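Every read-out reported here was derived from the displayed coordinates using simple, explicitly stated rules and does not represent laboratory data. In this text the structure is predicted, and so the values were computed from the model without any measurement.
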Amino acid sequence: MKVKISLLLLVAVLMVLAACSNQQGKPPASNAKHIGVMLTDDGLGDQSFNDSSFKGLEKARDDLGIEFDYREIAETDTYEKGLTELVKAGNDLVIGVGFSMQEDLEKVAKKYPKKHFLLIDAVSELKNVTSVTFKEEQGSYLAGALAAMTTKSDVIGFVGGVDAELIHRFEKGFQKGAKSVNPNIKILSTYANTFSDANKGSKIAKGMIKKKADVLYAAAGYTGVGVLKEAQAQGKYAIGVDSDQYYTAEKAVISSMVKKVDEVVYQFSEQLVKSNQIKNGHVIYDLSNDGIDMARIRVLKDAETLTKKVNDLKQKLLKDEGDAS
């Protein structure tokens, strides 16, 4: 009899706990939307683009009750294989993070025309692919201006991950912003041809610092982490990218040009949960819709003054309709 009573009590407790759980505002797991994400070559731990995407997924899981799965290239060898696995796993939405997987994502999207895909950082013409891009040149303009305001040597450096149109937008915006402050400033530019080699980033940074560069800006994924750490090791300054990278090198990173990929992932997750579909076509994020911004300025003694100057420049860009290209 005691055993039976104990079992009944256990069942009752479990029922109460389940009821309490459902009162937290999250849909039951059986009704949850499923999202699959294919990450770029760097994978998790890049302290940049991939980590930002993952942060958005975690927030959507906690706030919206979505369930998510992800693949890294180390597991799948090709983007196409990873994306296909995510489709076959039954995900309601499959996200490709990065322009480098556009070709593979489009191959998979053509095979599964009834499945919806989200491509970040590139534009597809396929009807079942929603494309998201950012105006990186706007944020990089502000990064360049901040670098020019900070340098003591009038030499600054830009490190690109690969020689591609997307990264050119970072470089051109950075150059234009710096020259808006000092037309005679010297800007060193180098492309690492990889997003995943911190050691190469460190080596490039060393070379630039030898040429008197004292503020470095890297649009280079995990390669850029090496740039930031080398700047710190040599007592120079750096500007992070994609996410706030201050904690990567706390004595060097004065700010970061933030692409709010986490917010994008969250917003599309929310659309999926609320309406069972996401916006079609090409969606552009920039300063005007808070998709691009500069992280808090730290480290520098005159951070408050520089923050005001950067904010004034931001307002000017918005007034000029973001002409930083």
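Give the Kirkwood hydrodynamic radius (Å, one decimal) of segment 205-250, defined as one over the mean of 1/r across all pairs of different Cα atoms.
Numbers: mean 1/r = 0.0972 Å⁻¹.
About 10.3 Å, per the Kirkwood formula over Cα pairs.
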Check: Taking a temperature of 25 °C and a viscosity of 0.890 mPa s, what whole-number D in µm²/s does Stokes-Einstein yield for segment 38-97 with Rh from Kirkwood over alpha carbon pairs?
Finding: 206
Check: Non-local amide H neighbours of ALA238 (under 5 Å, H modeled in plane, Pro and chain starts lacking H): which ones?
Finding: LEU216, VAL253, ILE254
Margin query: If I model the chain as equal point scatterers sitting on the Cα atoms and use the Debye formula, what is log10 I(q)/I(0) at q = 0.12, 0.14 Å⁻¹?
Written below: -0.82, -1.03
Check: Which number do you get for Rg(Cα) / (2.2 N^0.38 Å) in segment 175-277?
Finding: 1.29
Next item on the list: Give me Rg over Rh for segment 28-170, both radii from the alpha carbons and Rh done the Kirkwood way, two decimal places.
Entry: 1.05
Next item on the list: Per residue of segment 290-307, in order, report the coupling 6.51 cos²θ - 1.76 cosθ + 1.60 (Karplus, θ = phi - 60°) as ³J(HN,Hα) in whole Hz, putting x for Gly and Pro.
Entry: 6, x, 10, 6, 9, 6, 3, 7, 10, 6, 6, 5, 9, 4, 5, 5, 5, 4
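Just list whichever of LYS236/LYS259; LYS135/LYS301; LYS127/LYS260; LYS152/LYS314; LYS59/LYS107; LYS59/LYS319 have alpha carbons separated by over 28 Å in the model shown. Before the final figure, lay out the partial values.
Numbers: LYS236/LYS259 24 Å; LYS135/LYS301 30 Å; LYS127/LYS260 25 Å; LYS152/LYS314 23 Å; LYS59/LYS107 30 Å; LYS59/LYS319 33 Å.
LYS135/LYS301; LYS59/LYS107; LYS59/LYS319, as the Cα separations exceed 28 Å there.
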